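Right, one structure below, let's go through it.
The values are calculated or read from the model by the stated rules, or taken from the named source; none is laboratory data. Because the structure is a prediction, the values reported are computed rather than measured. Cβ: placed from backbone, ideal geometry, glycine included. Neighbour counts: every protein chain shown. Surface accessibility is based on the protein's heavy atoms, side chains included, excluding ligands, DNA and RNA. Shrake-Rupley method; radii C 1.70, N 1.55, O 1.52, S 1.80 Å.
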Amino acid sequence: DRILDLAWQNGIRLNLVINNHGQVSEDTDREWQNNPYSRANGGFIDDALQYFIDPRALARQDALRRYIAGRYADHPGVLGWKLWSEQDLTVAGRRDKIDVLATWHAQAAARWGVLDTYHHPLTTHWSGNFRRVFPSVAMLPGIDFLTIDAYHEPFDGSGKGQLLAELLLDSTTRRGGLSARYNKPVLVSEHGGNW
């Protein structure tokens with residue numbers, strides 16, 4: 001509450017992140033071993049992928065959505081909701097599991113549409129740059145804008161790398177970038193030489 005109040009007092013609106021990739025990642029920034037849903041911690045599911053499909057996990061996620069929307073949707077400091085921070089780094093972000101991720105996003109977006117009577121925009125976030133975006137998630141009607149990173153490889157004389165300004169243009173409007181491809185605004189939440 002205090003952070004939202006301070007943001008609003010200082011003319012800042014926040015895109016609130018609901019889920020962090022590490023909580024259901026077995027690889028990148030792995031936090032699954034600490035997740036309370038994990039059976040190893042007294043929870044009820046055996047692996048991180050079940051977070052996206054187990055009915056009990058989905059019911060608890062919906063309870064959290066109801067709480068967050070009920071508690072914060074009317075705050076003027078809220079710009080929007082971000083379903084995931086770098087969802088492509090979750091266990092469901094593997095190329096062979098994208099259908100699970102797309103189904104989860106469709107269901108979550110539909111629920112936010114019902115729960116948030118203030119109709120804040122909804123997004124989800126991909127790591128890396130615009131080349132990592134999953135079309136089956138990006139094109140969902142409940143995803144109002146796309147959030148990406150814009151990291152380029154440093155110039156080391158090998159010919160690799162891209163100027164950050166060029167990468168941002170490619171990510172958004174140029175060469176079939178995301179805005180043109182999906183007809184949605186794009187927010188770059190992280191950028192720089194490399195992660």
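Using a probe radius of 1.4 Å on heavy atoms only, what accessible surface per residue do you get for the range 38-195? Whole Å² is fine.
49
Report the Rg/Rh value for the range 10-49, based on alpha-carbon coordinates and the Kirkwood definition of Rh.
With Rg and the Kirkwood Rh in hand, the quotient comes to 1.20.
Round to a whole number: what % of the accessible area of the chain belongs to carbon and sulfur, probe 1.4 Å?
Accessible surface attributable to carbon and sulfur in the chain totals 54 percent.
Check which residues have an amide H placed less than 5 Å from Asn20's amide H, if you skip close sequence neighbours.
When sequence neighbours closer than 5 places are left aside, the close amide H contacts are Ser85.
Rounded to the nearest 500 deg cm²/dmol, what is the calculated helix-only ellipticity per residue at 222 nm for the chain, with -39500 (n - 2.57) per DSSP H run of length n ≥ 4?
-9500 deg cm²/dmol
On the principal axes of its Cα set, how long, how wide and how thick is the range 44-147? Give whole Å, largest value first.
Cα extents, longest axis first: 38, 35, 19 Å.
Using a 1.4 Å probe, how large is the accessible area of Arg2, given in Å² and rounded to the nearest 10?
Around 150 Å² of this residue is reachable by solvent.
With only Lys, Arg, Asp and Glu charged, each at its Cβ (+1 for the first two, -1 for the last two), find how big the charge dipole of the chain is about the Cα centre; round to the nearest 20 debye.
Roughly 440 debye, rounded to the nearest 20.
Please state, to two decimals, what the Cα-based radius of gyration of the range 1-99 comes to when divided by 2.2 N^0.38 Å (N = residues).
1.22
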